1. For the pair residue 200/residue 58, report the inter-label distance in nm, with labels modelled 7 Å from Cα in the Cβ direction.
2. When every alpha-carbon pair in segment 147-203 is counted, what percent end up more than 17 Å apart?
3. Considering the Cα positions of segment 117-219, please state its Rg to one decimal place and its Dmax as a whole number of Å.
4. Give me D for segment 177-219 in µm² s⁻¹, whole number, from Stokes-Einstein with Rh from the Kirkwood sum over alpha-carbon pairs, 25 °C and 0.890 mPa s.
5. Can you figure out the FRET efficiency of residue 10 with residue 160, using R₀ = 22 Å and their beta-carbon distance, to the nearest 0.05?
6. What is the spin-label model distance, in nm, from residue 140 to residue 216 if the labels are put 7 Å beyond Cα along the C-beta direction?
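Read-outs: derived from the displayed coordinates by stated rules, not from any lab. Predicted, not measured: the structure shown is a model, and the values here were computed from it. Backbone-built Cβ (ideal geometry, glycine too); neighbour counts: all protein chains shown.
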């Protein structure tokens, strides 16, 4: 088991770099891509479409915007790996695996070795948006994010899988002008610190180039 954290700014190349790392660890058919993004508008849909086209067709996919801990628990236990070619066992969750080599839908699911979560910050944004505006910056919501992030990391550490986690870096600009922006910065900043502390490898991507802050690509 290992945890790799990859952060970076918008359009920094962090997701594309994370996909390369995941493929190095899991190969062409050993990666489960866990997507948290939601297509709120056409621009976001275009971003999601780009990610879908770019990743290998043999990767499995799980899409879940809110229930991070619950879904990761099921991934770690292997209960998502026998879902067939497409399923939605839980409300809001959509998971697919690539077609079997024989075309037999009953063939056993691939043995995923790596889970690529893209992105942790996207999940936090979705979680914040599930609360009323008056609660975005409250201690209750901040603790909710921290507790769920900590539980997520515990599951990762107790599993036999490798985890590649992508998240936005929010600490380079000024304080956001809106209450949602400030709540997002606070929650993501704290979550990133928790994951960075638990990770074996942590890198910051700038213009597609990784800066290793913890660990190295060689080991």
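1. Label at residue 200, label at residue 58, 2.3 nm between them.
2. Tail of the P(r) past 17 Å holds 43 percent of the pairs.
3. For segment 117-219, the Cα radius of gyration and maximum Cα-Cα distance read 14.5, 47 Å.
4. Answer, rounded: 205 µm²/s.
5. 0.05
6. The two pseudo-label positions are separated by 4.9 nm.
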